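Written below as structure tokens is the structure these notes are about.
Laboratory data are not the source of any read-out in this text; all were calculated from the coordinates shown. Predicted model, so just to flag it, every value in this text is computed and none were measured. Quick reminder, even Gly has a Cβ in these numbers, built from the backbone with ideal geometry, and neighbours come from all protein chains shown.
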Ligand code: ADP
Ligand code: MG
């Protein structure tokens, strides 16, 4: 039988908009000593805005940004939303085919019969497209564009840190929980956000499989690891952690289903709150 205290704990969590999918997860939350989180949508709003467009002097076609907008219409990544907001309405007269979303890189497809790449500079490297700049010189998140095998320029995008993010990290530290940030976004941006928030360690430029390896590494050092993410391709790390926590508002259906705990309003303060409810429940149950 399930001890009554668990019902109390699950109920208390639910009144705060924290959905806990079983009493065992309250026990694990009580003992969590390391929280691994992604950046976008967890510590930041997950809503990017285009800051600057830097195209080469003579782009291959004048409608290049319409092409970019069109290929992004096939993606649900926050980057796609930012580009759509920036460029505006989709043009009807373009022919798009062979679109592929390449995890941790961006998009590849054909517009009007020629290859279009829109993603980070790693994507351009992958398809042997060269460029006359050093991406490391740009401090912002960059989205590079190539058409017909030729570099066309880049956009910079930025996201805002959530108002409660710094307080979240302070409370986690008070609870003796270490915090690691893992992200597919540019390392310099990830490290800057982590520094601002007082996060213990941070790694950027990670592919989904790199995130898995990082979590495996952390699990060799700490007893109970919680992972917090908003979704797009986080399912493997959620499955690996002792307790997987999803941001419910922005999260993909797949992540919300795999997650053990769902934070319905996306407020990161609910992470330390869930741990506290876990600890409280444990003192009642045991
Ligand atoms: P994370 O969720 O940690 O930010 P992702 O794997 O979702 O990491 O994305 C990593 C990087 O891949 C993004 O920062 C971006 O540079 C690039 N990328 C992903 N999806 C797109 C897209 N639809 N358009 C352009 N670039 C993208
Ligand atoms: Mg993602």
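A few comments on the model shown:
- Principal-axis tilt of helix 4-15 within the chain, Cα atoms, nearest 10 degrees: 40 degrees
- Likely footprinting exposure, 215, 261, fewest C-beta neighbours within 10 Å first: 215, 261
- Convex hull projection area averaged over all views, the range 164-286, Cα basis, nm²: 7.6 nm²
- Crossing angle, helix 187-197 versus the chain [Cα axis fit, 0-90 degrees, rounded to tens]: 40 degrees
- Among 120, 69, 93, the largest mean-square fluctuation in a Gaussian network model of the chain, built with springs joining Cα atoms closer than 10 Å, belongs to 93.
- Sorted by Cβ density within 10 Å, fewest first, the residues 37, 273: 273, 37
- Extension gain (nm, one decimal) between residue 222 and residue 31, 0.36 nm per residue minus Cα-Cα: 67.7 nm
- Remark: the range 49-158 projects, on average over all directions, an area of 6.3 nm² (convex hull of Cα atoms).
- Taking other C-beta atoms within 10 angstrom as a stand-in for reagent exposure, 156, 196, 130 fall in the order 130, 196, 156, fewest first.
- Compared with the direct C-alpha span, the chain from residue 115 to residue 187 gains 23.1 nm at full extension, assuming 0.36 nm per residue.
- Pairwise FRET efficiency - residue 92 versus residue 253, Cβ, R0 = 30 Å, nearest 0.05: 0.50
- Cα→Cβ-extended label distance, 7 Å offset, between residue 137 and residue 239, nm: 4.3 nm
- Full extension of the chain between residue 73 and residue 53 gives 5.3 nm of extra length, using 0.36 nm per residue less the Cα-Cα distance.
- Whole-angstrom gap from the range 165-227 to the range 123-147, using each part's C-alpha centre: 26 Å
- With respect to the chain, whose longest principal axis is taken over its alpha-carbon atoms, helix 208-219 is tilted by about 30°.
- Comparing 134, 95, 233 in a Gaussian network model of the chain (Cα springs below 10 Å), the most mobile by mean-square fluctuation is 134.
- Scattering profile of the chain at q = 0.08, 0.11, 0.13, 0.16 Å⁻¹ [log10 I(q)/I(0), Debye over alpha-carbon scatterers]: -0.38, -0.66, -0.86, -1.16
- Highest-MSF residue in the chain out of 256, 56, 218 [GNM, Cα springs under 10 Å]: 56
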